[in-house]
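Notes for the one structure printed next.
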Amino acid sequence: MQHPSEGMLQERSGSLLANERDSAPAPAESRKPGEAGEQPDPLAKERAALLAEIDREMRATAGLTGHSKLTPSVRDVLARVPREEFVDPSQETLAYINRPLGIGHGQTISQPFIVALMTELVNPRPDDVVLEIGTGSGYQAAVLAGLVSRVYSIEVIGALARSAAKRLERLGYTNVEVREGDGNFGWPERAPFDGILVTAAAPEIPPALVAQLKPGARMIIPVGRSPFSQSLLVVEKSAEGKVTRREVLPVAFVPLVEGDR
C-alpha cells in the first residue's frame, strides 16, 4: 500500500506519468473475451488506457528495473481484475487512474503501475504459493491469485483484513486466505514460500520473512525509514541459501505497521 505522495516515484524515476456492492460480477479469472454469456464491459476503454500507461511506465523505467514490458500472463490478469471493486465507492470513477487511492485507516490501494511491477518482479508461476504482507483492500492479492496456486495474505488492521476477506470471497477468489496479524513475522505455519510480496515499507528487511523464503525464491519489498528515502528491493535467496538484495526504484509507501503477533 503506497503513500498518497508516491507521485515522487514518477518524478524521481523518470517515468512518463506520474460498501460492498449488492450484486457481484463473475470471478475475475472467469471473465475472458469471447466466453458465452459475457456482458459488455462498460470500463473497457478505461482499462485499456491504464494498461497502455503501464506499458509506457515499464519502458521508461526499464533501465532501473530490468523489465521493459510485462509478461503476457501478468498483463492479462491486470486487464481482468476489476480494480473498481477494490476502491472506496466514492472513488470508483478514479479506479483506472494510475495513482494510489485512500481506502481508510491511513492506508491506500497502490498505484497500478507499482502493482504491475511488483507482480512482475516476484516472477509468479502457476504452482507457486506466495505470501503477501499488507492485504489492504485485497487488490494485489487478487492479481496474484490469477497467477499462482495459493496466496496467503496478512493485514495488521483488523477492519481491513475482514473486509478484504469478504470482498475476495464475494468476487470468487477462492485461492486467497487472509488473516489479521503482524506481517513482520510472516506466516510460519504456511512457509516456506515461492515468493513474498510486501506492500508497506519496512525500516529493514524482516529476518522472519527471509527465513520463510524457499531457496531460489525472491521477495519484493520497499525499505526505508521515511517516504522520502525508500527503495523497492528484490531480495533473492539462492539454492545454497545465500541472500542478495538489489535496489530497483525509489518509492513512497506507507510504513509497515507492527501489531500483535
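The values are calculated or read from the model by the stated rules, or taken from the named source; none is laboratory data. Just so it is clear, the model here is predicted, and its values are computed rather than measured. Glycine gets a Cβ as well: all are built from the backbone with ideal geometry, and neighbour counts include every protein chain shown.
Could you please find all residues in region 234-248 being in a loop (DSSP other than H, G, I, E, B) and either of a type in the set (Gly, Ala, Ser) or under 16 Å from Ala202 (Cα atoms) (or both)? Ser238, Ala239, Gly241 - these are the residues of region 234-248 that are in a loop (DSSP other than H, G, I, E, B) and either of a type in the set (Gly, Ala, Ser) or under 16 Å from Ala202 (Cα atoms) (or both).
Can you pull out the residues in region 42-68 that are among the acidic types (Asp, Glu) and farther than 22 Å from Asn123 by Cβ?
As a first pass, look at region 42-68 and keep what is among the acidic types (Asp, Glu): 46, 53, 55, 57.
Result: Glu46, Glu53.
Among the residues of region 112-155, count how many are among the polar types (S, T, N, Q) and surrounded by fewer than 24 Cβ atoms within 10 Å (Cβ to Cβ).
If we filter region 112-155 for residues that are among the polar types (S, T, N, Q), which is where we start, we get 119, 123, 135, 137, 140, 149, 153.
Narrowing further to those that are surrounded by fewer than 24 Cβ atoms within 10 Å (Cβ to Cβ): 123, 149.
The number of residues fulfilling the criteria is 2.
When we screen Ser226, Ser231 for residues that are polar (S, T, N, Q) and assigned to a strand (DSSP E or B), the only hit is Ser231. From the list Ile109, Ile196, the one residue that fits, being modelled with pLDDT of 95 or more, in contact with a strand residue (DSSP E or B) (Cβ under 6 Å, 6 or more places away or on another chain) and surrounded by 24 or more Cβ atoms within 10 Å (Cβ to Cβ), is Ile196.
Every residue in region 84-94 that is buried (at least 17 other Cβ atoms within 10 Å of the Cβ) and either in contact with a strand residue (DSSP E or B) (Cβ under 8 Å, 6 or more places away or on another chain) or under 15 Å from Ala217 (Cβ atoms) (or both), please. Don't jump to the end; show me each part of the working.
We begin by selecting, within region 84-94, every residue buried (at least 17 other Cβ atoms within 10 Å of the Cβ); these are 84-87.
Scanning region 84-94 gives Phe86, Val87.
Of all residues assigned to region 201-215, at least one qualifies as being aliphatic (A, V, I, L, M), surrounded by 18 or more Cβ atoms within 10 Å (Cβ to Cβ), over 17 Å from the mean Cα position of the chain (by Cα) and assigned to a strand (DSSP E or B).
List the strands (runs of 3 or more DSSP E) that sit entirely inside region 61-140 and contain at least 1 residues that are of a type in the set (Ser, Thr, Tyr) and under 14 Å from the mean Cα position of the chain (by Cα).
Values: elements: 101-104, 107-109, 129-133.
In region 61-140, the matching strands (runs of 3 or more DSSP E) lie at 107-109.
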